[in-house]
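Notes follow once the structure below has been shown.
The values are calculated or read from the model by the stated rules, or taken from the named source; none is laboratory data. These numbers come from a predicted model, not from an experiment. Positions of Cβ are backbone-derived with ideal geometry, glycine not excepted, and every protein chain shown enters the neighbour counts. Accessible surface is based on the protein model in full, side chains and every heavy atom, while ligands, DNA and RNA are left aside. Shrake-Rupley method; radii C 1.70, N 1.55, O 1.52, S 1.80 Å.
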Amino acid sequence: LQTMQLLIKQCDNDGRLALVAKFLETDWQLMTADETDPGAFALAVAAADAIISMDWSWDIDAPNLKLLHLPGAGTDEIQFSKLPHATTVCNVFGHDIGIAEYVMAGMLEMTLGLRAMDRALRQDRWTGSHLCGPRHGELFGQTLGIVGYGRIGHEVARRARAFGMRVIACSRTEKPNDEFAERVDAMPQFERLLREADFIVVAMPLSDSTRGLINGAAFAKMKSNVVIVNVARGAIIDEIALYSALKSKRIAGAVIDTWYHYPKQGEDFGRPAKSPFHELDNIIMTPHASGWTENLIARRCQDIAGNLNRLARGEPLKNVVRQGHS
């Protein structure tokens, strides 16, 4: 087999993809190029058989490019129309385990209030105890509505059922019930989920049809005790509507991991939204960290290398988002 060329952008050459080389069983030469140097980057792209990147927005000639491999799951930063027709696009998962555990932790914290009890007891106050209350809730018997019933949705449902929760879901198309979800409606029945759920987990891809899906009208249909959890993309929930629902206590709370504004790569500061969510006491805010576990990198690098090996051998690829055509 001939040596093939793999391009990794300089900004991604920070160790997260280092294990890809370890799992390669075929002959690949690894290149790096800085996309802020258009000339050098264009030459590297022109030579590449495969590129690992979460985004594609370039008008660059890529005559040899057989594979664009995302190091994550989301495709919302890929401008498919600018990719060569012959280029296959694949993605990776592996984040569903960590995200599902995060969802359970968020729902438990909103139900139990461990942080508040901890703060109180550090000040010698037994708030939340059998001595002076108030009593906290239970997940058992609560209804969980999952919007988007893919890999993440299934892993959340699996764990929620173990806690004795009732699980309902919505997906792009109606699906048969499984061992975890009592029912899986198509999106036209979305309002039924909004009215029934005590917890709502957003776990669907961002697209033109899902952007702003959960808006003021959707919040108006929810129970007043509902807690919404977003582990998908920030823009699926309208920012102003979310802030208003939380500030007015129209809903009980939110656990938000995906946001509206992100710092540039390499930075670690910056407000995640225009609205002052940080001033509210009924939201848990985390920095898009739910799937970022110690084991995620190895799982994803192994999957990427597996596809590179298949490509070199002429075998069918896995996790194909778009099949290339000559």
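Based on DSSP loop calls and a cut-off of at most 16 other Cβ atoms within 10 Å, the longest stretch of the chain free of exposed GluC sites (Glu not before Pro) is what? Answer - 183-266. Can you compute the FRET efficiency between PHE163 and ARG192 using 1/(1 + (r/R0)^6), with r the Cβ-Cβ distance and R0 = 25 Å? Round to the nearest 0.05. Computed FRET efficiency for PHE163 and ARG192 comes out at 0.65.
What shape does the stretch 187-284 take by its C-alpha gyration tensor, where a ≥ b ≥ c are the square roots of the eigenvalues and a/c under 1.5 counts as rounded, a/b above b/c as prolate, and the rest as oblate?
Note, shape of the stretch 187-284 comes out oblate.
In the context of the full protein assembly, HIS136 retains an accessible surface of approximately 100 Å², using a probe radius of 1.4 Å and ignoring ligands and nucleic acids. Compared with the dominant principal axis of the Cα atoms in the chain, helix 296-313 is inclined by about 30°. Model label points for TRP58 and PHE140, set 7 angstrom from Cα along the Cα-to-Cβ axis, are 5.7 nm apart. Along the axis of the charge dipole computed for the stretch 124-177 (Cβ charges of +1 for Lys and Arg, -1 for Asp and Glu, origin at the Cα centre), the listed residues ILE146, ALA162, ASN177 are led at the positive end by ASN177.
Please work out whether the chain counts as rounded, prolate or oblate from its C-alpha gyration tensor, where a ≥ b ≥ c are the square roots of the eigenvalues and a/c under 1.5 means rounded, while otherwise a/b larger than b/c means prolate and anything else oblate? Walk me through the numbers on the way to the answer.
Working: a/c = 2.12, a/b = 1.90, b/c = 1.11.
It is prolate, given that a/c is not under 1.5 and a/b is the larger ratio.
Can you figure out the FRET efficiency of TYR262 with ALA105, using R₀ = 30 Å and their beta-carbon distance, to the nearest 0.05? So the FRET efficiency works out to roughly 0.85.
Taking a ≥ b ≥ c as the square roots of the Cα gyration tensor eigenvalues, the stretch 6-45 comes out oblate, since a/c reaches at least 1.5 and a/b does not exceed b/c.
Using helices alone, I'd like the mean residue ellipticity at 222 nm for the chain: each DSSP H run of four-plus residues gives -39500 (n - 2.57), total over residue count, nearest 500. Before the final figure, lay out each step's value.
Numbers: 9 runs with 93 residues, N = 326.
The helix-only estimate for the chain comes to -8500 deg cm²/dmol at 222 nm.
Which part of the stretch 243-270 falls in the paramagnetic zone of GLN79, meaning amide N under 18 Å from the point 7 Å along Cα-to-beta-carbon? What the label zone holds, given the 18 Å backbone N cut-off, is no residue at all. Of all segments of the chain bounded by chymotrypsin sites (Phe, Trp or Tyr not before Pro) found in a DSSP loop with no more than 13 other C-beta atoms within 10 Å, the longest spans 141-268.
Taking 0.36 nm per residue of sequence separation and removing the Cα-Cα distance, the GLU25/GLU294 pair yields an extension gain of 94.4 nm. Within the assembled protein chains, the solvent-accessible surface assigned to ILE152 is about 20 Å², based on a 1.4 Å probe.
Considering only THR87, THR36, THR75, the Gaussian network model of the chain with Cα springs below 10 Å gives its largest mean-square fluctuation to THR36.
The C-alpha atoms of the chain define a longest principal axis, and helix 151-162 lies at about 30 degrees to it. Summing charges over all other residues whose Cβ lies under 12 Å from the Cβ of VAL226, with Lys and Arg as +1 and Asp and Glu as -1, gives +3. Across the chain, the mean sequence separation of Cα contacts (distance under 8 Å, 6 or more residues apart), normalised by length, yields a relative contact order of 18 percent. MET204 sits with roughly 20 Å² accessible to a 1.4 Å probe, with DNA, RNA and ligands left out of the calculation. Here is the list for the stretch 1-46: trypsin sites (Lys or Arg not before Pro) lying in DSSP coil, each with at most 16 other C-beta atoms within 10 angstrom of its C-beta, are ARG16.
Accessible area per residue for the chain in Å², computed with a 1.4 Å probe and the full protein assembly in place, what is it?
Numbers: 16650 Å² over 326 residues.
Each residue of the chain exposes 51 Å² on average to a 1.4 Å probe.
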